[in-house]
Amino acid sequence: MKRLLSLAALVGALSGCSDTQPSSTQIFYGGTIYTANAQQEMVEAMAIAGDSIVFAGTVDQAKKRYPDNAEWIDLEGKFLMPGIHDAHIHPSLALEGETCQLPQQNSLDLANIVREVQQCLSELGSDSPARGEWITVSQFNGYGADSPQFLGDYPDIATGLDEISTRHKIILIGIDGHAHAVNHYALEHGATLRGESVTLTSELLAGELSAYQALVPLNAQGLPTGQLKSQAAWDLFKYESRSVDGFLAIHESFNNYFLSNGITAFTEAWTRERDLEIYEGLIRNGHLAPRVTMAYALAKDKHLDSAGMVNLEKFFQDLNAARKRFENYPRANISAVKVFVDGVMEYPTQTAALTKPYLEAEISDSGNVHYPNDTSHNRGKLELTPSELNRLVTAVDAAGLAMYFHAIGDQAVSVALDAVEQARSASGSDIPHNISHLQLVGEEDVERFGELGVFATPSPAWFTPWYDYDLSVIPYIDNVDNIKNLDELYRPESRYMQAVYPVESIRKHGATISFGSDAPVDFNGPRPFTNIMSALLRADWVEPDSTPPRWTVLNAEERMTIYDILDAYTINSAAAMRHDHLTGSLEAGKRADFIILNNDLVALAAGVGKTVNADGEQVAYSMCDKNYDASYCTTEVLQTYIDGELVYSAE
């Protein structure tokens, strides 16, 4: 049975040291030990004492150094590596406890979503939300959510959701974190402005809520369709399912979410008031096992005026008050600020900021694509003007804090780099500013990451083709004749394929790559080994309709080596969190944060290179997390250690 360590032991582990030192050193040997040090070395043995690593080297060296009173632990061929450092994750969203959850990575149309939720509520019976409360539904695939194929006989998404209930507020929570949808009752009763309930209307969106006007689509009659984009959902609809006390009550599940996945440290990448209360409570009660770095959220509803100007005085007042709450907690800190530069690229949301306009594509049932208008002006949306972003970043940099940028489109990436360049020129700092996601990066910006010392933090699960998702993006970026022609859709010379997640090019130009899962985006669990596999292969089986599946790669030239991938999830992410002097690699003097796996990841990756070989790459394809898909995935976390304490065991 999988287990966490006892509460008493966990509290001891959280303190950073034990009341009593162990009577002997523990030496791990007999397996594959990857250190993630600067030389990317493997060693035969690693010794720990108390909360620290005291030795990494050969077995003979260990025997000479520790002739007596050492406990020798035989790995029996298993794989030992530093603990996973997830540099971009949203735990409170992943563990929200929604009313209903749709199947993971589904492609349901609206009619089938309605049926799924109705069935869920029927099974809940008397445990269903009371009249007037929120029905929250996660894993909504909003890609193409205003298309005729998705809507079917419904005029809009709000009308479809009304079939579930007209006496509850219903929200579909998008798997990308940006494409949400609500019913009419929610539009009438769910939106809040300054804590007051309002009915969302075109008049209000043209006036007091003009900052959200582009994020709430209207129909021909000027009424909201129920579709919500990005911050329109986060700021206006307070749909939380689990209270702070509810999170504190599930602390074992909260810790297990990380430890069972081998995650010993993470960055909470969008920290708002509720998150502060959750972490403060968990730490106060001795119930938070992993190390946590928080990126404090620049909130549109609190820190921007109606003209889109950042109120720096108010922002730093809130930020400094939040940081003060964690002054006495060495295992948790707020050392970064999070800002959304843009949104997401998929149709119909299309809020990611591009250098060239989105194409207006019409896709028929046969797969043929028609482009009726070659004069589209939609380039997405920058959440802040470049001048306001520059002003914010310069102020944050001067305060000694790191910036965490959400940037999906190539224009957003370029604007974020510009802001860092201006801040660097003003201060000369080497603070590890961090740009996340990087779905498209212009060729001229690839070198700038290294030149400016900016960390690139993509989510590698997205490096692989996903046909249903790709249909919501690629035909709107590049001309495609027919979406069922995979040679056409994934042609290597296209703009999208050349610019999509160019991580190896960024790395080769001197930048540091760190990885974050961005869970629960696309998938509720963090799946680190699926992400490792995805970064290694950048490939998956693609099967449009009844066509035989084909092994398809998103730009094999951007494949990383297994060593660089492991570093991205360990030492590099520790550097992004600014505690690589303590964790991230297995070296004497560092904290003993490490994991033991059943699979040798380096050995599994041996058959993968820049040349694509579908048959030879299937061994590596099995590297993914068995915890989430046992049909072909084989990697399991057997043990997780933090500060030398065993905090999780699969047995």
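The values are calculated or read from the model by the stated rules, or taken from the named source; none is laboratory data. As the structure is a computational prediction, the values presented were derived from the model and not from experiment. All Cβ positions, glycine included, derive from the backbone under ideal geometry; neighbour counts span all protein chains shown. Ligands, DNA and RNA are stripped out before the accessible areas are found, and what is left, the full protein with its side chains, is counted by its heavy atoms. Shrake-Rupley method; radii C 1.70, N 1.55, O 1.52, S 1.80 Å.
Among DSSP beta bridges lying fully in the chain, give the percent that are antiparallel, nearest 5. Each step should come with its number before you reach the end.
Details: 46 of 89 bridges.
Bridges in the chain are about 50 percent antiparallel.
Quantify, in whole percent, the carbon and sulfur part of the accessible surface of the chain (1.4 Å probe; protein heavy atoms only). Intermediate results must be reported in sequence, preceding the final value.
Values: 11750 of 24810 Å².
Whole-percent figure for carbon plus sulfur exposure: 47.
Rounded to the nearest 10 Å², what accessible area does residue 272 have for a 1.4 Å probe in the complete protein model?
Answer for residue 272: close to 60 Å² accessible.
Answer with one residue from 190, 471, 426: the one whose Cα lies farthest towards the positive end of the charge dipole of the chain, charges on Cβ with Lys, Arg +1 and Asp, Glu -1.
Final value for the positive-end residue is 426.
Quickly estimate the mean residue ellipticity at 222 nm for the chain, helices only: each DSSP H run with n ≥ 4 gives -39500 (n - 2.57), and the total goes over all residues, rounded to 500.
Values: 27 runs with 201 residues, N = 651.
Mean residue ellipticity at 222 nm (helix-derived): -8000 deg cm²/dmol.
Around residue 37, which amide H atoms from residues at least 5 apart in sequence, or from another chain, sit under 5 Å from its own amide H, with H modelled in the peptide plane?
586
Excluding residues on the same chain fewer than 8 positions from residue 338, give the aspartates and glutamates whose Cα lies under 12 Å from its Cα.
Residue 338 reaches 268.
Compute, for the range 526-633, the length of the dipole vector about the Cα centre, with Cβ point charges of +1 (Lys, Arg) and -1 (Asp, Glu) only. Units Debye, rounded to 20. Provide the component values of the computation, followed by the final result.
On the way: 9 positive and 15 negative charges, 54 e Å.
Charge dipole, the range 526-633, about its Cα centre: 260 debye, nearest 20.
How many Å² of accessible area per residue for the range 280-412, probe 1.4 Å? Intermediate results must be reported in sequence, preceding the final value.
Working: 5240 Å² over 133 residues.
About 39 Å² of surface per residue is accessible.
Which entries of 229/484; 314/356; 169/300; 300/484; 381/626 show an alpha-carbon separation above 31 angstrom in the structure shown?
Working: 229/484 28 Å; 314/356 35 Å; 169/300 23 Å; 300/484 40 Å; 381/626 39 Å.
Exceeds cut-off: 314/356; 300/484; 381/626.
Computed from these coordinates, which is Rg and Dmax of the Cα atoms in Å: (1) 32.7, 103; (2) 24.5, 83; (3) 29.1, 92?
Correct label is (2).
Taking a probe of 1.4 Å, how large is the accessible area per residue of the range 205-279, in Å²? Could the numbers behind the result be given before it?
Working: 2500 Å² over 75 residues.
Spelled out: the 1.4 Å probe surface of the range 205-279, per residue, equals 33 Å².
Just to check, using Stokes-Einstein with a Kirkwood Rh over alpha carbon pairs, what's the diffusion coefficient of the range 573-614 at 25 °C and 0.890 mPa s in µm²/s?
On the way: Rh = 13.1 Å.
The calculation lands on 188 µm²/s.
Using alpha carbons only, what's the Rg to Rh ratio of the range 504-582 with Rh from Kirkwood? Display every interim value, and only then the final one.
Working: Rg = 15.0 Å, Rh = 14.2 Å.
Computed over Cα atoms, the ratio is 1.05.
Determine the relative contact order of the range 359-501: mean sequence separation of Cα pairs under 8 Å and six or more apart, normalised by residue count, in whole percent. Mind dumping the intermediate values first?
Numbers: 196 pairs, mean separation 34.6, N = 143.
Computed over the range 359-501, the figure is 24 percent.
In whole Å, what is the distance between the alpha-carbon centres of the range 405-432 and the range 545-624?
A separation of 27 Å, based on Cα centres.
Take the alpha-carbon centre of the range 50-87, take the same for the range 193-237, and report the distance between them in whole Å.
When both Cα centres are located, 57 Å separates them.
State, as an integer percentage, the relative contact order of the chain based on alpha-carbon contacts under 8 Å between residues 6 or more apart. Walk me through the numbers before you get to the answer.
Values: 1433 pairs, mean separation 111.7, N = 651.
After rounding, I find 17 percent.
Which whole-number percent gives the relative contact order of the range 429-479, counting Cα pairs below 8 Å spaced six or more residues apart?
Values: 30 pairs, mean separation 20.0, N = 51.
So the answer I get is 39 percent.
Can you list the lysines whose alpha carbon sits under 23 Å from that of residue 590, skipping same-chain ones fewer than 8 residues off?
Reachable lysines: 63, 64, 78.
Can you give me the C-alpha center-to-center distance between the range 452-502 and the range 297-374, rounded to a whole angstrom?
Cα centroid to Cα centroid, the span is 21 Å.
With a 1.4 Å probe and all protein chains kept in place, how do 72, 234 rank by accessible area, largest first?
Values: 72 85, 234 40 Å².
Listed by decreasing accessible area, they come as 72, 234.
Shape verdict for the range 123-275, please, from the Cα gyration tensor: rounded (a/c under 1.5), prolate (a/b greater than b/c) or oblate. Working shown, then result.
Working: a/c = 1.70, a/b = 1.57, b/c = 1.08.
Here the range 123-275 falls in the prolate category.
Residue 451: net charge of surrounding residues, Cβ under 15 Å, Lys/Arg +1, Asp/Glu -1, itself excluded? All intermediate terms of the calculation are to be shown ahead of the outcome.
Numbers: positive: 424, 448, 507, 508; negative: 418, 421, 430, 443, 444, 445, 447.
Its environment carries a net charge of -3.
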